1. Could you rank the peptides 81-87, 54-60, 19-25 by their average count of other C-beta atoms within 10 Å per residue, with the highest value first?
2. Roughly how many nanometres apart are two label points built 7 Å out from the Cα toward the Cβ at W20 and K78?
3. Distance in nm between label sites at K119 and S71, each 7 Å beyond Cα in the beta-carbon direction?
4. Between I34 and residues 5 or more places away or on another chain, which pairs have amide H atoms under 5 Å apart, with H built 1.01 Å from N, and which residues are they?
5. Which ³J(HN,Hα) values in Hz, rounded to whole numbers, follow from the phi angles of region 76-90 under the Karplus curve 6.51 cos²θ - 1.76 cosθ + 1.60, where θ = phi - 60° and Gly and Pro get x?
6. Estimate the FRET efficiency between T64 and E44 by the formula 1/(1 + (r/R0)^6), using the beta-carbon distance for r and 25 Å for R0, to the nearest 0.05.
7. Hey, any idea what % of region 1-79's accessible area is carbon plus sulfur with a 1.4 Å probe?
8. Could you run the Karplus curve 6.51 cos²θ - 1.76 cosθ + 1.60 with θ = phi - 60° over region 113-120 and give me ³J(HN,Hα) per residue in whole Hz, x for Gly and Pro?
Amino acid sequence: MLAAAATMSSEQLLGYAKAWAQASQWKPEPGAKINLLRWKRFVEAEDVAFMKIVDAFQKATGVTVNVSNESYDDLQPKASVAANTGQGLDIVWGSVLPAVPVPDQMRRYDRLAEYVGKKRRGLV
């Protein structure tokens with residue numbers, strides 16, 4: 001998706017996001033907010049593409065997304081604190097974050113991944 005976002009105009013990406021939001025079986029609650037933690041960029045173009053996706057998602061769904069960026073080494077400690085306190089973060093975007101410290105705070109997304117995979121014919 002990031003590669004596609006880099007080549008799409010903001011209007012095209014917004015159109016895609018609106019179509020997805022309209023067809024989605026999940027509807028956000030009024031006033032919904034997402035606090036997302038991700039690594040600091042390594043490549044500026046990737047960060048720009050990611051934020052275009054976030055912006056299109058916000059406009060299409062009305063959900064506010066607060067994106068925080070941390071160095072990769074700081075992701076695990078911040079995720080652990082958030083999981084143990086139940087405050088702060090909703091989503092942590094990282095490549096390998098072990099669930100061992102907080103297994104009861106992690107959520108499985110295999111059903112969501114299966115749904116998206118079937119809907120997009122395996123193209124996630």
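1. So the order, starting with the most tightly packed, is 54-60, 81-87, 19-25.
2. My value for the distance between the label points is 2.2 nm.
3. If labels sit at K119 and S71, their model points lie 3.8 nm apart.
4. HN-HN under 5 Å from I34: T64, V65, N66.
5. With coefficients 6.51, -1.76 and 1.60, one gets 4, x, 5, 5, 5, 4, 4, 5, 6, 9, x, 10, x, 9, 9 Hz.
6. 0.55
7. Of all accessible area on region 1-79, carbon and sulfur atoms account for 56 percent.
8. Here the 3J(HN,Hα) series is 4, 5, 4, 5, x, 5, 5, 9 Hz.
The values are calculated or read from the model by the stated rules, or taken from the named source; none is laboratory data. Because the structure is a prediction, the values reported are computed rather than measured. So basically every Cβ, Gly included, is an ideal-geometry build from the backbone, and we count neighbours across all protein chains shown. Heads up: the accessible areas ignore ligands, DNA and RNA and are worked out on the full protein's heavy atoms, side chains in. Shrake-Rupley method; radii C 1.70, N 1.55, O 1.52, S 1.80 Å.
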